[in-house]
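Have a look at the structure below before the remarks.
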Amino acid sequence: MTPRPTARLLRKDAESDLVLTRTFRAPIEDVWASVTESERTARWFGPWEGDPGPGRTIKVQMAYEDQSPWMDLLIDACEPPERLAVSATDEHGEWRLELKLTESGGTTQLEFVQHFDSLDGIGDVGPGWEYYLDMLVAARDGSPKPDFDAYYPAMKPYFEGLRD
């Protein structure tokens, strides 16, 4: 099955938000654990180490990237089990990311947001977020892990189209 892009772009003033959503049949606390506990993030993104908390920096391994690099990630806000905001700077620029969780009727919705000042490169990063969120789905439900080659470059035109 070929994955389909789900993201939408919300523009406000000089900033744009790339928003991707996934829904889980699970309590909010369980989904929160999947995105915050190192042993569980290792299953779909990579493990992390350090002393977490707002204003603190942890090290996160991007286990599914070439050479599995480690990066510093600043925790900007942590409001369990509903909101996590983090930021980082690397050779590709500044990353400002936010996870928002809401629970209703036995399901939890996860909204992933990347805040952009410039949409340069959205065609390259958007497919990656679709891939990682589908990795999260697979890690939670035991389905086969997706293949990144099904996401990139196939989804690049979709994300570049959001920019226009």
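The values are calculated or read from the model by the stated rules, or taken from the named source; none is laboratory data. What you are looking at is a predicted structure, and each value in this text was computed from that prediction instead of being measured. Methodologically, a virtual Cβ is constructed for each residue, glycine included, from the backbone with ideal geometry; neighbour enumeration extends over all protein chains shown. These accessible areas exclude ligands, DNA and RNA; they are computed on the full protein's heavy atoms, side chains included. Shrake-Rupley method; radii C 1.70, N 1.55, O 1.52, S 1.80 Å.
Return yes or no: is LEU99 touching a residue at least 60 places away in the same chain (Cβ under 8 Å) and closer than 20 Å to PRO47 by Cα? Yes.
Output yes when any residue across segment 6-23 is small (Gly, Ala, Ser), within 27 Å of SER104 (Cβ to Cβ) and in a helix (DSSP H, G or I), and no when none is. No - not one qualifying residue is present in segment 6-23.
All but one of (1) more than 16 Å from the chain's Cα centre (by Cα); (2) within 18 Å of ASP17 (Cα to Cα); (3) not in a helix (DSSP H, G or I) hold for HIS115; state the number of the condition that does not hold. Of everything listed in (1) more than 16 Å from the chain's Cα centre (by Cα); (2) within 18 Å of ASP17 (Cα to Cα); (3) not in a helix (DSSP H, G or I), HIS115 misses just condition (1). Evaluating ALA26 against the criteria (1) out of contact with any Ser or Thr (no Cβ under 6 Å at 6 or more places or on another chain); (2) over 18 Å from VAL113 (Cβ atoms); (3) of a type in the set (Gly, Ala, Ser) leaves one unmet condition, (1).
Pairing each residue of segment 1-28 that is touching a residue at least 24 places away in the same chain (Cβ under 8 Å) with any residue that is among the basic types (Lys, Arg), provided the two are 6+ apart or on different chains, yields C-beta distances under 7 Å for VAL19/ARG8; PHE24/ARG140.
Looking at segment 71-92, can you tell me whether even one residue there is more than 26 Å from PRO144 (Cβ to Cβ), more than 17 Å from the chain's Cα centre (by Cα) and at pLDDT below 95? Yes, there is a match, as at least one residue in segment 71-92 is more than 26 Å from PRO144 (Cβ to Cβ), more than 17 Å from the chain's Cα centre (by Cα) and at pLDDT below 95. Return the pairs, sorted by first residue and then second, in which the second residue is part of a helix (DSSP H, G or I) and open to solvent by less than 70 Å² (accessible area, probe 1.4 Å), the first residue lies in segment 135-164 and is more than 17 Å from TRP44 (Cα to Cα) and of a type in the set (A, V, I, L, M, F, W, C), the beta carbons are less than 6 Å apart, and the residues are 6+ apart or on different chains. Final answer for the pair search is MET155/PRO127; PHE159/ILE122; PHE159/GLY123; PHE159/GLY126. State whether the residues of segment 44-60 include one that is touching a helix residue (DSSP H, G or I) at 6+ places or on another chain (Cβ under 9 Å), outside any helix (DSSP H, G or I), open to solvent by 80 Å² or more (accessible area, probe 1.4 Å) and farther than 18 Å from SER87 by Cα. No.
With respect to (1) over 28 Å from GLY106 (Cα atoms); (2) touching a strand residue (DSSP E or B) at 6+ places or on another chain (Cβ under 6 Å), the lone exception for VAL31 is condition (1).
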